[in-house]
Amino acid sequence: MDLGSVVKEYRIRKGYSQRKLAEETGINFTYVSKIENNNADYAPSESVLKSLAAALEVDSDFLIALSGRLSGQVEMFIKENRENVSKLLIKMAENPAFAKKIFDNIN
């Protein structure tokens, strides 16, 4: 599953053409096409992803994750807790059982 195929799937479910989605979001039509075909030169910005999510009635965090970006909220958390986040990730990498416990608690 990739960003382009998800955007395309939800656009079709809504009955939108690429042009209609572009109009609804204020995003250039050619950029919508590039996103759907995974041919964009760079990952869409958070604001573009949020516009797409709103128009397609999809969770914006889902599209942000698919794009490979972090949401602004997550970026801020990481910046504010940089040292502890780094320690946590190292501990998880060194101890798969600990990582599994963390992931099990998320779900």
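The modelled label-to-label distance for the pair GLU75/MET92, using points 7 Å beyond Cα in the direction of Cβ, is 2.0 nm. If you count Lys pairs in the chain whose Cα atoms are under 29 Å apart, skipping same-chain pairs closer than 8 places in sequence, the total is 17. To put it simply, the accessible area of the chain at a 1.4 Å probe is 51 percent carbon and sulfur. How would segment 62-104 be classified by its alpha-carbon gyration tensor: rounded, prolate or oblate, with rounded meaning a/c under 1.5 and the a/b versus b/c comparison settling the rest? Judged from the Cα gyration tensor, segment 62-104 comes out oblate (a/c at least 1.5, b/c at or above a/b).
What is the extension gain from ASN39 to ALA65, computed as 0.36 nm multiplied by their sequence separation minus the C-alpha to C-alpha distance, in nm to one decimal? Numbers along the way, then the final one.
Numbers: separation 26, 0.36 × 26 = 9.36 nm, distance 1.75 nm.
Stretched out fully, the ASN39 to ALA65 stretch lengthens by 7.6 nm.
Candidate values (i) 15, 51, 32, 2; (ii) 12, 38, 32, 14, 4, 0; (iii) 14, 37, 24, 19, 6 were compared with P(r) over Cα pairs in 10 Å bins from 0, in percent computed on the shown model; the agreeing label is (iii).
The values are calculated or read from the model by the stated rules, or taken from the named source; none is laboratory data. Given the structure is predicted, the values throughout are model-derived calculations rather than measurements. We place every Cβ from the backbone using ideal geometry, glycine too, and count neighbours over all the protein chains shown. Accessible surface areas use protein heavy atoms only, side chains included; no ligands, DNA or RNA. Shrake-Rupley method; radii C 1.70, N 1.55, O 1.52, S 1.80 Å.
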